[in-house]
1. Could you tell me what percent of the accessible area of the chain is made up of carbon and sulfur, with a 1.4 Å probe and every protein chain present?
2. Relative contact order for the chain: what percent, with Cα pairs under 8 Å and sequence separation of 6 or more?
3. Check which residues have an amide H placed less than 5 Å from VAL155's amide H, if you skip close sequence neighbours.
4. Among the DSSP beta bridges whose two residues both lie in the chain, what percent are antiparallel, rounded to the nearest 5?
5. Within the chain, count lysine pairs with alpha carbon atoms under 13 angstrom apart where the residues are 8 or more positions apart or belong to different chains.
6. To one decimal place, what orientation-averaged projected area in nm² is obtained for the convex hull of the Cα set of segment 42-156?
7. How far is it, in nm, from the label point at MET87 to the one at ARG279 when both lie 7 Å from their Cα along the line to the Cβ?
8. How much length is gained on full extension from SER169 to ALA59, taking 0.36 nm per residue of separation minus their Cα-Cα distance?
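The values are calculated or read from the model by the stated rules, or taken from the named source; none is laboratory data. Since the model is a prediction, treat every value here as computed from it, not as a measurement. Backbone-built Cβ (ideal geometry, glycine too); neighbour counts: all protein chains shown. Quick note on the areas: whole protein, heavy atoms, side chains included, nothing else; ligands and nucleic acids left out. Shrake-Rupley method; radii C 1.70, N 1.55, O 1.52, S 1.80 Å.
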Amino acid sequence: MKSDSVKKGLERAPHRSLFYAMGYTKEELERPLIGIANSYNQIIPGHIHLREISEAAAAGVRMAGGTPVEFGVIGVCDGIAMGHIGMKYSLPSREIIADSIEIMAKAHQFDGLVLIASCDKIVPGMLMAAARLDIPCIMLAGGPMLAGKFKGQAVSLSKMFEAVGMVKSERMSLEELEELEMVACPGCGSCSGAFTANTMNCLTEALGIALPGNGTIPAPYSARRALAKATGIAIMNLVKLGITPADILTKEAFLNAIAVDMALGGSTNTVLHLMAIAREARVPLELDDFDRISRLVPHLCAIDPIGPHHIEDLYEAGGIP
């Protein structure tokens with residue numbers, strides 16, 4: 001095991017003493033150490049519930065004979081950061097996320113990683129780290145938010161931006177705006193349309209770096225917690241078999257993800273992120289690949305903000321598989 005370099009042999013007695021200081025047992029140190037990169041925080045709706053998701057993933061690791069080791073990862077809410085100087089920090093956070101996960105994995109010699117995130121730059125940053133490290137890794141999202149309900153219609157965050165313009169053009173009252181802002185985002189999860197977060201989480205399935213359902217099972221559903229446990233079990237299988245991102249993130253996998261992206265009609269930011277991930281994976285990916293596939297694959301989905309449906313509807317229709 002890779003982690004033997006921090007826990008086995010005479011020279012590692014001081015290292016083991018530090019593990020015992022945290023309450024680890026001898027039995028736990030005999031098992032693979034699985035890092036759980038958890039981007040939980042209290043500023044992103046898609047991350048506010050990730051403690052629970054992380055606990056479920058850790059349970060899966062333990063069930064499969066591993067020792068989970070959680071550590072924190074930063075995250076920026078693109079929605080809250082939008083429209084002011086905060087947006088200048090969003091994309092750079094992707095690189096910091098990738099670097100910080102690399103630092104934690106290399107410094108502590110984890111045998112594998114479960115990467116837990118939901119939102120815009122955090123998911124791509126974690127995927128970049130996975131490709132760069134090339135140890136067994138699996139992505140796990142917190143799941144999409146359910147759509148809100150306003151005057152009998154399903155709504156999402158995009159409706160809020162439209163509503164600002166409607167108020168300015170006197171097509172909506174301030175009272176209606178206040179009513180809408182209270183219900184547009186009804187709970188935890190990544191914003192319910194096909195924005196960058198949900199698009200990228202759907203593409204993790206197409207890339208093969210996450211389990212089926214990762215992109216579409218809604219955040220509040222019990223199936224999301226079951227998926228987290230299954231993910232914890234799956235990382236142990238990857239470690240046992242020695243399967244790493246280099247085996248998964250192939251040119252064919254990226255082309256498959258682009259095809260799914262075109263069918264979804266998701267966020268154009270995926271071009272930026274897929275090319276960055278491919279670069280870390282040393283896979284040649286060009287803008288021409290997106291253009292060529294866009295001419296072959298039909299756009300099948302009408303998901304908010306370009307249509308009336310939301311990710312929960314895609315889930316009910318069968319999801320990415």
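1. Ligands and nucleic acids excluded, carbon and sulfur reach 58 percent.
2. Relative contact order comes out at 20 percent.
3. Here the answer is GLY148, LYS149, PHE150, since their amide H atoms fall under 5 Å of that of VAL155.
4. Of those bridges, close to 15 percent are antiparallel.
5. Qualifying lysine pairs in the chain: 7.
6. For the Cα atoms of segment 42-156, the hull's average projected area reads 8.7 nm².
7. 2.2
8. 34.4 nm
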